[in-house]
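Colleague: Got a structure for you, questions after.
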Amino acid sequence: MEDKLVTLAIHTFEKAQILKTILETEGIEVYIHNVNLIQPVVSAGVRVRIKESDLPHALRIIEDNKWSEDAKEEEEKGDADQTRKVLIPIDFSDYSMKACDLGINYAAVVGAEVMIMHAYFNPYFPSAIPLGETLSYQMNEEESLQELLRRVRGNMEDICSLIEKKMEDGELPRVTYDYVLREGLPEEEIIAYSKEYRPTLIVMGTRGKDQKEVDLIGSVTGEVIELNKVPVLAIPENVPFTNLRDAKHIAFATSFNQRDLVAFDKFMELIKDFDFSIHLFNISTSRDEWNEIRLSGVREYFKKQYPDANLSYTVLADGDLLLAIEKFVRDEHIDVIALSSYRRNLLARMFNPSIARKMLFHTDTPLLVIDSKR
C-alpha cells in the first residue's frame, strides 16, 4: 500500500524551502503545495508535505535542528516589551542635531521614548613600558581618560540643554528622553547597545551632498545599516524637513519576493501613523524581471493586504539603475526612499564613493533601511 502524504508544517515560501532542504539532506522526500504559480514567493501558506511513514523521523529532525529557534526567540522578546523606542546615535555635529529633531518628532507621533547615544573612542592603549614607568603611565592615562569623559559628558549635556530649550519654546514636542555614553568603536557600540535597548527605529545623521564624497554616507551609518536588524533612518544634514509629517511621498524599492514583503510589513508598521503616498518601484530595470503579469499579481496582493493604503506602482526605465532611481525621485518628488537591507550589492553600490556623483544619495534624500528577516 502506497504511503499517503501528510502536512508536516505550513510556512512562508522561503521557510518552506529551507525546511525542504534540511529534510531532503536526511533522505526524506518532501513535496511543496499551495504555491502561487504566477508569483511563488508571495505564497504565505505553503504546505510542507511528506510521506506518513517519514513523519517520526522528520519530527526528530525538527526537534534537533535549531533553524527556527532564533525567529521564535526574537518574537518572544518582542512580545515581552511593547514600548516603542527611538535610538538616536550622535557625534555632536550639526547633522546629528538634525537627526535628533527628526527622531524626537517621530517619537512624538508614534508615542515612543527616545534614547540619545554617543560612543566615544578611547585613543589610549597600553604599550610595552618598562616596569619602573608603569605607575606614572597609568596615572597619566587615567587623567587623560577622565578628561575625555568630562568633555564627552559636557558635549552631551549641551545637546540635552538645547533639546530641552526647544521643547520649552515649542520647537520640539515634549517626549520622554534620556542619554547614554558608551566607550568603544561607534559602529560596534551602536549595534551592541541596540540589542540591549531594542529600539523600534534608529535615526542617524549623515553628511549631505556638499561634503566630500567619502562622507556622503558615513562609514558608521553604513556599518550599522549592514549589520543591524533594527530599521535605520539615515538623515542627510541638508534634508529640508525635521518632521516626517512634512514628507508627502515615500518610495519603497522592491522586487516583490518574500523578503521584500516581510520588509514591507515592517515598513507599514513604522509609518502607520503618517499620511504618505507610497510609491513602489522595481529595483531592476530588466524587463525579464518586471512584466505586466507580475505587476498585475503584485497589485492584487497589496490591494488585499493594504486596502486603505495610498499605493502606486512605477516601472523604472531600462538602463543604469541608480540614474533611473534619481530621475524617478526627481519626477515624483520623493521625500524618503525605503528598501530592505539584504540587498548587499545594491547597498554596496550606494556606499561606493567613486560613483557618488551619479547616485541618488548625492541629493539630500533620506534613506530608510529595513531588515527583511521575520
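Colleague: For a 29 Å ceiling on Cα separation, which of these pairs sit above it: K20/K229; K98/K304; K165/K266?
Modeller: Details: K20/K229 26 Å; K98/K304 37 Å; K165/K266 34 Å.
Distance filter (> 29 Å) returns K98/K304; K165/K266.
Colleague: Round to the nearest 10 and report in Å² the accessible area of L311, as given by a 1.4 Å probe over the protein chains' heavy atoms.
Modeller: 40 Å²
Colleague: Quick one: order Y177, Y120, Y31, Y106 from most to least accessible surface, probe 1.4 Å.
Modeller: Working: Y177 55, Y120 30, Y31 80, Y106 10 Å².
The most accessible residue leads, giving Y31, Y177, Y120, Y106.
The values are calculated or read from the model by the stated rules, or taken from the named source; none is laboratory data. Please read these numbers as outputs of a predicted model, since none were measured by experiment. What goes into the accessible areas is simple: the full protein's heavy atoms, side chains included, and nothing from ligands, DNA or RNA. Shrake-Rupley method; radii C 1.70, N 1.55, O 1.52, S 1.80 Å.
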